[in-house]
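**Student:** This is the structure I have questions about; it appears just below.
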Amino acid sequence: MKYFMADPAKLELLNRSTDAGGFEVIRIDSLRAYSAYKPSRLPQSDWEVTAQPKSADGTRQFVLRNLRQDSYVLLNSREYYLWNYLDGRHSLEEIGRAFHLAFGAFDYLLIRQLLTKLYGCGLLESKRLLDFQLNRGTLPDRRQGSGLRRNLLRWRAMSLRVPNADRVCSLIYERGGFLLFHPFTFWLCLAAALCALVLALPFGQNASSFAYFLKTRPWLFSGVMVASLVSASILHVLVHALACKAHGRRVRELGFFLLQGIVPTFYADVTDIFMSSRRARITVDMAGPMVEVVLGSVAILAAQAASAGLAQALLLGIGLALWESALLNLYPFNFLEMDGYNILADLTAMPMLRQQALALIPRLYEQGLNFKRLARAEWLQLAYLALCLISVFIYVILHIDGLRALIRL
Amino acid sequence: MELVSEFLKKVSFCQDLNESARSKLAELLISKKISAGAIIFREFDESDCLYIVRSGRIIISKHVQHQVDIVLTRFHPGDCFGEMGLFDTSPRSASAQTETDSVLLRLDRKAFQQIFSDEPEIAARICYRLVTVFIERLRATNDQAREAIRWGLEATGFSVAPEHAPLGRRST
């Protein structure tokens, strides 16, 4: 992102000599003072840091958590190196020198961006400035422009939250929720899913009769389908949250919001799982879709047990819809940060993969599409973008008839 | 050197005065040569006159701590300073010092009051112009305050514009 930066502000100081009359005028710009600034982080009891697994390009990232205000920030290895020097004893000039010796070069922009991150996260001791920054958000912002734009922003930010989400989840976990994460439960679910898969295959021969039953009661079918999917979605996020509790981490929020400002979605904020292992994160990511898999399997097993007719068709329809929902959730290449994307981000150790990939395109243009300079991680970001585009294209092609019908409506 | 009354044409608060008024004012001014580095007045000194810079450069500063002042502004030929001393008996709000060898014209408060009583029309014209000087200085002070705040923000690394996206994971 390009942004305008004014010349450094300047102060002129008149330094009087101790002997009568003489003086010297010194002009100090803010950058010079900045190099003498000694930023100080919070006491160690107020933050924790977790090293992430090595990413594709061999670098390691770190997640830093502010325990005072429960906020998180992702640091790359260079930023983490700098973080260790922000103890209030080293000036930025000294830090820059140490960085230069360690990495061979130093750009002040790097530390300025880091300090912005850390201020934003409240990890630096500068309460007054931090308050100022936080209060800035409450002032009317002229940049927000027209009423339409303001309303769009409000719309995007709309969300409903369960109060005391962590406490609620802890109670549910302690009162039986923990059983969901017993190995026996996992194997039972897997067995049910395999049985359902085997039993679902012969249903394909009778597809036309099921379709006939469902066409006779379209509103009932639609109503039951929506109710099933919504209930499954609520259980889905609850199980994500319980999985987070199973690993002893905090559930920050549980609620409902508009994904990308469009898709109404239930969600569980499990950011705290970044402080656990990669395995724990993947368990949390997988736990949600397992709900649809298990419920879908149960519906298909019930359809198998039911006699031929509307009830059987409904159960089968629900079962297949839930399975499809699980598959969609686990598919990572759709530009949305769903469970599959989270798993991909964890496997590649790139927690901000989507954001980085989207930011890469304008940067590439600025560099004159010079692909030779791309690092390995950036190639991965490009591959992610390409697969997302191909997937969306294929999805549109496959659903072109449905989209046409939608437009005609 | 040109006549004082001629020189006054260049002085901002004498812009509305005609030649005879300028001559009358010139009679009341006291010329003073000051070498570089000399202190004209210090902050908190008694305040009882205005100065016009005829030549040289004057630096105005305010004490911050120990031996250090912050430079507020500089005045060049045609500028005036210390104008508060014409109206107000409060001590000087800043220090004035010559940065180069300078010649100043001094207008005492008593002389100014004499203009008020003898030539009220001239006094009114001077006052009107002085108000515009005050306004300009107030604006400059505001700009300087803003610059000082910007300086503080930049010096503590607080002013970097782009905001970062916080790390978060919403499982859906």
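**Student:** For region A:360-379, enumerate the residues that are under 14 Å from A:Asn76 (Cβ atoms), part of a helix (DSSP H, G or I) and either in contact with a strand residue (DSSP E or B) (Cβ under 6 Å, 6 or more places away or on another chain) or hydrophobic (A, V, I, L, M, F, W, C) (or both).
**Tutor:** A:Ala377
**Student:** Right, something else. Quick check on region B:5-22. Is at least one of its residues assigned to a strand (DSSP E or B) and either away from chain A (no Cβ under 14 Å) or within 26 Å of B:Thr141 (Cα to Cα) (or both)?
**Tutor:** no
**Student:** Could you please give the count of residues in region A:65-85 that are in contact with a Lys or Arg (Cβ under 6 Å, 6 or more places away or on another chain) and either away from every other protein chain (no Cβ under 14 Å) or under 12 Å from A:Phe103 (Cβ atoms) (or both)? Show your work before the answer.
**Tutor:** Step one: list which residues in region A:65-85 are in contact with a Lys or Arg (Cβ under 6 Å, 6 or more places away or on another chain), which gives A:72-73, A:77.
Narrowing further to those that are either away from every other protein chain (no Cβ under 14 Å) or under 12 Å from A:Phe103 (Cβ atoms) (or both): A:77.
Of the residues in region A:65-85, 1 are in contact with a Lys or Arg (Cβ under 6 Å, 6 or more places away or on another chain) and either away from every other protein chain (no Cβ under 14 Å) or under 12 Å from A:Phe103 (Cβ atoms) (or both).
**Student:** Mind checking whether some residue in region B:48-61 is away from chain A (no Cβ under 14 Å), in a helix (DSSP H, G or I) and more than 13 Å from the chain's Cα centre (by Cα)?
**Tutor:** Within region B:48-61, not a single residue is away from chain A (no Cβ under 14 Å), in a helix (DSSP H, G or I) and more than 13 Å from the chain's Cα centre (by Cα).
**Student:** Which one is surrounded by the most Cβ atoms within 10 Å (Cβ to Cβ), of the residues in region A:263-282 that are in contact (Cβ under 8 Å) with a residue 60 or more places away in the chain and in a helix (DSSP H, G or I)?
**Tutor:** A:Arg281
**Student:** Within region B:98-114, restricting attention to residues that are assigned to a helix (DSSP H, G or I) and of a type in the set (D, E, K, R), which residue is nearest to B:Phe13 (Cα to Cα)? Quick ask: steps written out before the conclusion?
**Tutor:** Step one: list which residues in region B:98-114 are assigned to a helix (DSSP H, G or I), which gives B:109-114.
Then keep just the ones that are of a type in the set (D, E, K, R); that gives B:109-110.
On the way: B:Arg109: 15, B:Lys110: 18 Å.
Filtering region B:98-114 for residues that are assigned to a helix (DSSP H, G or I) and of a type in the set (D, E, K, R), the one nearest to B:Phe13 (Cα to Cα) comes out as B:Arg109.
**Student:** Same structure, new question: For the structure I just gave you, tell me whether A:Leu197 is part of a helix (DSSP H, G or I), out of contact with any Ser or Thr (no Cβ under 9 Å at 6 or more places or on another chain), surrounded by 14 or more Cβ atoms within 10 Å (Cβ to Cβ) and not aromatic (Phe, Trp, Tyr).
**Tutor:** Taking the combined requirement at face value, the residue does not satisfy it.
**Student:** If you go through region A:327-341 one residue at a time, do you hit one that is modelled with pLDDT of 90 or more, in a helix (DSSP H, G or I), within 13 Å of chain B (Cβ to nearest Cβ) and under 13 Å from A:Leu385 (Cβ atoms)?
**Tutor:** Yes, there is a match, as at least one residue in region A:327-341 is modelled with pLDDT of 90 or more, in a helix (DSSP H, G or I), within 13 Å of chain B (Cβ to nearest Cβ) and under 13 Å from A:Leu385 (Cβ atoms).
The values are calculated or read from the model by the stated rules, or taken from the named source; none is laboratory data. As the structure is a computational prediction, the values presented were derived from the model and not from experiment. FYI the Cβ positions are ideal-geometry reconstructions off the backbone, even for glycines, and counts take in every protein chain you see.
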